[in-house]
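Reviewing the structure listed below.
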Amino acid sequence: MDAAKLVKMANEIAGFFASEPDPVAAVDGVAGHLQRFWEPRMRRQIFATLDAGAPEMTPMVVEALNKHRTRLEPGA
Amino acid sequence: MQDIFVNETAKYAHILLPGSSFLEKDGTFTNAERRISRVRKVMPPPLAGLADWEVTVALSEALGYSMPYTHPSQIMAEIASLTPTFTGVTYEKLDQLGSIQWPCNEAAPDGTPVMHAEAFVRGKGRFVITAYVPTPERTTRRFPLILTTGRILSQYNVGAQTRRTANTVWHEADVLEIHPHDAEQRGVVDGDFVTVTSRKGDTTLRAVLTERMQPGVVYTTFHHPESGANVVTTENSDWATNCPEYKVTAVQVGKSGESESAWQQRFEAFAKEQATLTPGKG
């Protein structure tokens, strides 16, 4: 899948969870959505994109990926 | 691909598995009201003589995973053993009651006609104000019109089922509905072939002038695959379910010298070739 599209999708997910009043719940919500609805290849690729440096990725997505890496990354 | 018809997806499939209609299999049907009803076989499936569930069983066995079911009631018993909202569902009870609305379990042995009467599973409902998400799609001088696609009553989606019926009398082709003012500006008269072009692609349809449309908005249906409505629409979708944004595509419309776009010509050749690979039931 196109990495730019994945980043766009992740940013849109974070855009929704930004409505969550509790910032911790917001970050956990983003990670929860990725875990439930993104298949392993998509999650593997978003971490590769994160590691390569993704300036378009919003801070909430970066935080969610870093905080929940062990849970989200397939085979990690 | 498994269906009772050689549908649009079949054109891209490597293997076609036979499907059975509701008259050709035993089982249950659960509708949007959570109502589980029995489906009863009155005639054998015509092709391999196998009901859908038997095809799944045969496929699983062929792949090395044993599924020793001999009747769908055994499959329901397994569902009931694993699903808290189905623990009370059996074929015997379905025969007794006629139909059951899940949840059906110890707390609700005869099923549940109304859910969430007093509270949701989480307690009271929770409302959160979310930000407005505008479409990234924009009209410009190059693409000044908004294309909206939709359905009409007499056909269902791409028409795998309804195009095989006399309903085609009411809708034999997808057309582009356009306001007479927008048409006049483009030199288009009723019945002309027009090309609808977006940033994504283009397709050719017959124009129908109608004041049903607002100026600035054009409309077509997607009941005929050769119309290629989704060749034109964007890849935008919502964040939660990836539901495509088929109602907002910036387009330009112009008179066409041809009755088919390049994509439509390719699709026609492809469909013809595929038809030779799936003889018999069409």
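Just so it is clear, none of the values below were taken in a lab; they were calculated from the coordinates. None of the values given here were measured: they were computed from a predicted structure. All Cβ positions, even for glycine, are placed from backbone atoms using ideal geometry, and neighbour counts span all protein chains on display.
Between B:Val251, B:Val208, B:Val114, the Gaussian network model of chain B with springs among Cα atoms under 10 angstrom shows the greatest mean-square fluctuation at B:Val114.
Taking B:Lys25 as the anchor, which aspartates and glutamates have their alpha carbon closer than 17 Å to its alpha carbon, excluding any fewer than eight residues away along the same chain? List returned: B:Asp3, B:Asp52, B:Glu54, B:Asp95.
If a spin label sat at a point 7 angstrom from the Cα of A:Glu56 along the line to its beta carbon, the backbone N atoms of the stretch A:1-29 nearer than 19 Å would be those of A:1-16. Helical content of chain B, expressed as a calculated mean residue ellipticity at 222 nm, amounts to -5500 deg cm²/dmol (DSSP H runs of 4 or more residues, -39,500 (n - 2.57) each, divided by residue number, nearest 500). For the stretch B:102-120, backbone nitrogen atoms closer than 17 Å to the point 7 Å from B:Thr90 Cα along Cα-to-C-beta are found at B:104-111. With kT/(6 pi eta Rh) evaluated at 37 °C and eta = 0.692 mPa s, and Rh the Kirkwood radius from Cα pairs, the stretch B:189-282 diffuses with a coefficient of 219 µm²/s according to Stokes-Einstein. Each of B:His116 and B:Arg186 was given a label point 7 Å from its Cα along the Cα-to-Cβ line. The distance between the two points is 4.3 nm.
For the pairs B:Lys41/B:Lys93; B:Lys41/B:Lys272; B:Lys11/B:Lys200; A:Lys8/A:Lys67, flag any whose C-alpha to C-alpha distance is greater than 30 Å. Exceeds cut-off: B:Lys41/B:Lys272. Quick one: angle between helix B:262-277 and the longest Cα principal axis of chain B, in degrees between 0 and 90, rounded to 10, please. Between the helix axis and the principal axis of chain B, the angle is about 40 degrees.
Computed over the alpha-carbon pairs of the protein assembly as shown, the distance histogram in 10 Å steps reads 4, 16, 19, 25, 25, 10, 1 percent, short to long.
Sort the stretch B:94-152 into rounded, prolate or oblate with this rule: let a ≥ b ≥ c be the square roots of the eigenvalues of the Cα gyration tensor; rounded if a/c is under 1.5, and if a/c is not under 1.5, prolate when a/b is larger than b/c, oblate otherwise. Judged from the Cα gyration tensor, the stretch B:94-152 comes out oblate (a/c at least 1.5, b/c at or above a/b). The alpha-carbon atoms of the stretch B:1-71, seen along their principal axes, cover 35, 31, 25 angstrom, with the largest extent given first. Compute the distance from the alpha-carbon center of the stretch B:90-135 to that of the stretch B:41-64, in whole Å. Between the Cα centres of the stretch B:90-135 and the stretch B:41-64 lies a distance of 32 Å.
Students often forget the sequence filter, so: which aspartates and glutamates lie under 16 Å Cα-Cα from B:Lys255 once same-chain residues fewer than 8 apart are removed? Within the straight-line cut-off, B:Lys255 pairs with B:Glu177, B:Asp182, B:Glu184, B:Asp190, B:Asp192, B:Asp202. Distance between the 7 Å Cα→Cβ label points at B:Arg141 and B:Ala166: 5.4 nm. Highest mean packing first, where packing is the average number of other Cβ atoms within 10 Å per residue, the peptides B:226-237, A:42-53 line up as B:226-237, A:42-53. Where does the charge balance sit around A:Asn66 when Lys and Arg score +1, Asp and Glu -1, over other residues with C-beta under 14 Å from its C-beta? The answer is 0.
Roughly what % of DSSP beta bridges within the protein assembly as shown run antiparallel, to the nearest 5? In the protein assembly as shown, DSSP labels about 70 percent of beta bridges as antiparallel. Peptides B:150-157, B:89-96 ranked from most to least packed, by the mean per-residue count of other Cβ atoms within 10 Å: B:89-96, B:150-157.
Database remark: amide H of B:Asn236 closer than 5 angstrom to the amide H of B:Glu245 (H placed geometrically; neighbours at sequence offset of 5 or more, or on other chains; Pro and chain starts carry no H).
The GNM of chain B, with springs linking C-alpha atoms under 10 angstrom apart, assigns the highest mean-square fluctuation among B:Arg206, B:Arg122, B:Arg186 to B:Arg122. Looking at the stretch B:1-35, which chymotrypsin sites (Phe, Trp or Tyr not before Pro) are DSSP coil and have at most 12 other C-beta atoms within 10 Å of their C-beta? Listed in order of number, the matching sites are B:Phe22. Overall dimensions of chain B, expressed as equivalent-ellipsoid semi-axes from the Cα gyration tensor (√(5λ), whole Å, largest first), are 44, 28, 17. Normalised by 2.2 N^0.38 Å, where N is the number of residues, the alpha-carbon radius of gyration of the stretch A:22-76 equals 1.04.
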